[in-house]
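The values are calculated or read from the model by the stated rules, or taken from the named source; none is laboratory data. Please read all numbers here as calculations on a predicted model, not as lab measurements. All Cβ positions, glycine included, derive from the backbone under ideal geometry; neighbour counts span all protein chains shown. Only protein heavy atoms, including side chains, enter the accessible area calculation; ligands, DNA and RNA are left aside. Shrake-Rupley method; radii C 1.70, N 1.55, O 1.52, S 1.80 Å.
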Amino acid sequence: MNTETPAALVWFRRDLRAFDHAALSRALQTYTRVYCAFVFDADILEALEDRADRRVEFIWLSVKELDSALRQMGGGLIVRHGRACEELPRLARDLGVHAVFTNRDYEPQAIRRDASVAETLALSDIEFHLFKDQVIFERDEILSGSNRPYSVYTAYKNAWLKRLTDADLQMHPIAELAGNLALPPENTIPNLNALGFIGSDLARLDIKAGMSGAREAWGQFATRLVDYEETRNFPALDNTSRLGVHLRFGTLSIRTLARHVYYAAGKGTQVWLSELIWREFFQMILFHYPRVTQNAFRTEFDAIVWDDREDHFQAWCAGRTGYPIVDAAMRQLNQTGFMHNRLRMIAASFLVKDLHIHWLKGERYFARKLLDYDLASNNGNWQWAASTGCDAQPYFRIFNPITQSQRFDPEGVFIKRFIPELAGLETNVIHAPWQLLPIEQQACGVLLGRDYPMPIVDHEAARAKALALFKAVRADAA
Ligand SMILES: Cc1cc2nc3c(=O)[nH]c(=O)nc-3n(C[C@H](O)[C@H](O)[C@H](O)COP(=O)(O)OP(=O)(O)OC[C@H]3O[C@@H](n4cnc5c(N)ncnc54)[C@H](O)[C@@H]3O)c2cc1C
């Protein structure tokens, strides 16, 4: 193609922004002609079950906005649809670039894909450069005194904070280098139908994609950050940032967030920074222990013989277990693609320790439904809740869904939002409605077993069985 000056190609993936972008910045510093591309990867899209998947629409909208932003700076986005491992090298060859620049992804499948792309590019003498972008510290940057990856979060967090310097929080410049952006030879973005999808309910849910959506969500949350510590555990208050999806797709930069909270004072701020560090902890764990995608981190727990009752699993998925807090949580997930963190812990614990279903089944269900689904965080947290992970909840600590409900949704406000059939119940019975006599149920306008299910298991009995299941394999392992 055009061979006047050496050119490079920047491959966008989970970093859909035109500012503070490590790979783009480095390419613009090194080359005077820099193309930008995004590939709707058929290997990923074809595996999705839901043709109205919210994540696909979120990405599609974000890609469109990224293209506009790049065009305003004199460039633009080349957008392809196909297997990324084939499309990307083909595009690089067609453009005649010397090098491809991209930001690192730590998921096992992505690592394999990138290795294959690097190999194919090398056949055409095209360099492949990877950069750290989606985390502050990656891979081996935070290791214990014995040069091993940490498996205890607090120790990791302390080392993370100790290592942090201003330099780690610096932005990667883009705007001042934008003169090196090249106009793309083609500039069409396939519509959702061409990708095999249809529009989702993002607009109805008022979820805004792209850099502008991230900016708005962050702007709103920044003013509430000071209350984070006190409010974060109460789903009815809905006071967490909702930035998970933006962090997942890189429509904002982790450095912007970390910079803000690191230099700000206040407990809420520091607690929120700890959450961002949890995210990095699980990315690091996934990188070092890719086996966790299929196995327990603590391998002895792979031997647990789960009940795996399909009817119980279906009841959990549908929000029909008879435990209001669990059901409200699952209905929030099904209806909105989001579930509050406290509820994720309760729902996950219930699946594993009350229904005795393999944590991987729950993890896969969340993976299908969560808008902010992220393999490292989802897997790490599921293994935490199931007590199979590193630094996990001890197996004998079993959430009681009734007391959790009383503590974190005391008035039942959240429950009633997602289970309208329980709207007539008083606060004292909303957490365990089966305690009502039939005549009392009638007075509240709900008949258990007809309008809302009776509990599918008895928590105390289920708890005892969970303890026995865990103890059995611990004894075997000893
Ligand atoms: C069973 C289970 C599954 C989960 N699956 C996911 C997932 O697929 N993707 C995901 O991003 N988070 C997951 N989490 C972690 C957490 O629930 C979500 O990050 C959080 O609820 C997202 O809401 P928010 O953006 O308002 O978070 P905030 O409370 O505002 O936190 C800010 C950000 O910090 C990060 N963060 C917060 N808590 C955690 C945590 N425990 N572990 C890792 N990162 C964290 C997220 O990036 C989050 O967006 C899961 C938790 C559990 C218990």
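Label separation (S144 vs E46): 4.3 nm, computed from points 7 Å beyond Cα along the C-beta direction.
Taking a ≥ b ≥ c as the square roots of the eigenvalues of the Cα gyration tensor, the stretch 33-176 is prolate, since a/c reaches 1.5 or more and a/b is larger than b/c. So which lysines pass the test for K267, namely a Cα distance under 17 Å, with those fewer than 8 places away in the same chain ruled out? Once the sequence-local lysines are set aside, what remains near K267 is K157. Accessible area per residue for the chain is 42 Å², calculated with a 1.4 Å probe on protein heavy atoms, without ligands, DNA or RNA. The label point for N193 and the one for D458, both projected 7 Å from the Cα toward the Cβ, are 5.7 nm apart. Return a single number: how many Lys pairs in the stretch 299-477, at a sequence separation of 8 or more or on separate chains, have alpha-carbon atoms below 27 angstrom apart. Going through the stretch 299-477 pair by pair, I get 9. Once the Cα-Cα distance is subtracted from the 0.36 nm per residue extended length, the R397 to A443 segment shows a gain of 12.9 nm. For Y35, the residues 5 or more places off, or on other chains, whose built amide H falls under 5 Å of its own are A8, L9, V10, A182.
From helices alone, the chain scores -14000 deg cm²/dmol at 222 nm; the rule is -39500 (n - 2.57) for each run of n ≥ 4 DSSP H residues, then divide by the residue total.
When each full DSSP H helix of the chain is screened for a Cα extent of at least 20 Å along its own axis and an average Kyte-Doolittle hydropathy of at least 0.0, the helices passing are 108-123, 267-288, 459-477.
Compared with the direct C-alpha span, the chain from A122 to D311 gains 62.9 nm at full extension, assuming 0.36 nm per residue. Using θ = phi - 60° in the Karplus curve 6.51 cos²θ - 1.76 cosθ + 1.60, the 3J(HN,Hα) couplings for the stretch 225-237 round to 4, 4, 8, 4, 4, 6, 9, 5, 8, 10, x, 5, 7 Hz; x is entered for Gly and Pro. Across the accessible surface of the stretch 7-132, with the other protein chains kept in place and a 1.4 Å probe, carbon and sulfur atoms take up 49 percent. Over what distance in Å are the Cα centres of the stretch 383-406 and the stretch 113-188 separated? If you average the Cα positions of each part, the centres end up 33 Å apart. First check a/c for the stretch 33-104, with a ≥ b ≥ c the square roots of the eigenvalues of its C-alpha gyration tensor; if it is under 1.5, answer rounded, and if not, answer prolate when a/b is larger than b/c or oblate otherwise. Judged from the Cα gyration tensor, the stretch 33-104 comes out oblate (a/c at least 1.5, b/c at or above a/b). Here the accessible area is traced with a 1.4 Å probe on the protein chains. For the stretch 299-477, carbon and sulfur cover 53 percent of it.
Size of the chain: Rg and Dmax of its alpha carbons, in Å, are 24.1, 85. Surface composition of the stretch 169-268: carbon plus sulfur atoms hold 54% of the accessible area, using a 1.4 angstrom probe and ignoring ligands, DNA and RNA.
If you plug the beta carbon distance of K162 and V226 into 1/(1 + (r/R0)^6) with R0 = 30 Å, you get a FRET efficiency near 0.75.
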